[in-house]
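The values are calculated or read from the model by the stated rules, or taken from the named source; none is laboratory data. Since this is a predicted model, take the numbers as computed values, not measurements. Neighbour counts run over all protein chains shown; Cβ positions are idealised from the backbone, glycine included.
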Amino acid sequence: MALRPIDNALPITTPERPKKQVKFAAQVQKQPDLSVNDENKASFPPSADASIDYIPSENLKAIPDPESMIPCLIEGLDSKDWTKVCESLNNARRFALHHSSLLEPNLEKVMAVVVKAMKNPRSALCKTSIMAASDIFSAFGDKLLDSTSDALDNLVLQLLMKASQDKKFVCEEADRALNTMVESITPLPLLQKLKTYVKHTNPRIRAKAAISISICVTKMGLEGMKELGLVSLVQVAAGLLNDRLPEAREAARSMVNSMYNAFTENEEHKQEAWQSFCQSNLQPIDAQSMVKIITSQ
């Protein structure tokens, strides 16, 4: 019997070769995913954030018929739409600056939203909330100390954290808010809140707290320092002189100068009185550092 040619023994059926088809299918399937990701990455976050207006406080105008707008404000702050929350925070700023008596009954609610918005990863929402914090400090000042809740403490901590991060435009806004806070609230009770943060594990937070404390101290006289605890204040400054960050050390030197001027105002032998005080209340090496700051000037 004649044998068939080998070429005819196993007919070739190209559709049964799956590898190329699978590879091609994977490529086709992958393409739409890349398109969707590019669209989300390129258009949604930048364009959405760019649409938010950062309105300076001086450009915020009064609200027509503010009494009827309060329910709308609270509703907007509770929105799940972050752009709506931004808009409502700007309205809260307008209430704070022009209709503070209407906002006051809802102030703790507003501050809670401000703190929550600061934690949001969206920079636009975060910055708007920090600007709202500044206007709340300016409008209410020492009234913020009357609350029995943790609203102010939570706000201070969040501002210190935002001022310590790497995102420059958020950091700078938080610095401005901290300065407004220090200028708007009586130094003594504010210092009592701030001094706990000079022992924070994050060195940047320690430095930011030190700067705010230093500004507070420059506004105080000797009696105010004694009321807070002059010895504890000197110990805080001594500790910060050895901090890792130069900003904290510089703030500590400023504190030392302010305390020295207040302490020796009525002393005849100023440097001797200061040296004696430091040696009585500090470790020898810390006392030496405190005296050296004064004698080196």
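Does any residue in region 141-170 that is outside the structural domain of K208 (by TED's automatic domain parsing) come within less than 6 Å, Cβ to Cβ, of a residue that is charged (D, E, K, R) and at pLDDT 95 or above six or more places away or on a different chain, and which pairs are these?
Between residues of region 141-170 that are outside the structural domain of K208 (by TED's automatic domain parsing) and residues that are charged (D, E, K, R) and at pLDDT 95 or above, the close pairs are L160/K208; A163/D175; A163/K208; S164/R204; S164/K208; V170/K127; V170/K162.
Taking region 158-188 as the region of interest, how many residues are among the hydrophobic types (A, V, I, L, M, F, W, C) and more than 19 Å from T128 (Cβ to Cβ)? Let's see the steps before the verdict.
Applying the first criterion (among the hydrophobic types (A, V, I, L, M, F, W, C)) to region 158-188 yields 159-161, 163, 169-171, 174, 177-178, 181-182, 185, 188.
Now drop any that are not more than 19 Å from T128 (Cβ to Cβ), which leaves 182, 185, 188.
Looking only at that region, the number is 3.
Do you know which residues across region 137-180 are outside any helix (DSSP H, G or I), small (G, A, S) and within 17 Å of the chain's Cα centre (by Cα)?
From region 137-180, those outside any helix (DSSP H, G or I) are 147-150, 164-167; that's our starting set.
When the remaining residues are screened for being small (G, A, S), the result is 147, 149, 164.
Matches in region 137-180: S164 only.
Any residue at all in region 94-101 that is hydrophobic (A, V, I, L, M, F, W, C), surrounded by fewer than 18 Cβ atoms within 10 Å (Cβ to Cβ) and either more than 21 Å from L155 (Cα to Cα) or within 23 Å of the chain's Cα centre (by Cα) (or both)?
No, the conditions are met nowhere in region 94-101.
Go through region 137-156 and report how many residues are closer than 15 Å to A177 by Cα and either among the hydrophobic types (A, V, I, L, M, F, W, C) or buried (at least 23 other Cβ atoms within 10 Å of the Cβ) (or both). Show your work before the answer.
To start, the set of residues in region 137-156 that are closer than 15 Å to A177 by Cα comprises 137-141, 144, 152-156.
Restricting the remaining residues to those that are either among the hydrophobic types (A, V, I, L, M, F, W, C) or buried (at least 23 other Cβ atoms within 10 Å of the Cβ) (or both) gives 137, 139-140, 144, 152, 155-156.
Final tally of qualifying residues: 7.
Could you please let me know if S134 is surrounded by fewer than 19 Cβ atoms within 10 Å (Cβ to Cβ), under 30 Å from D243 (Cβ atoms), in contact (Cβ under 8 Å) with a residue 60 or more places away in the chain and in the same structural domain as I70 (by TED's automatic domain parsing)?
The answer is no for S134.
Go through region 189-223 and give me each residue that's surrounded by fewer than 16 Cβ atoms within 10 Å (Cβ to Cβ) and not polar (S, T, N, Q).
Within region 189-223, P189, K199, P203, K219, G221, L222, E223 qualify.
So, A252, is that one touching a Gly at 6+ places or on another chain (Cβ under 9 Å) and crowded, with 20+ Cβ neighbours inside 10 Å or not?
Considered against the rule, which asks whether it is touching a Gly at 6+ places or on another chain (Cβ under 9 Å) and crowded, with 20+ Cβ neighbours inside 10 Å, A252 comes out as yes.
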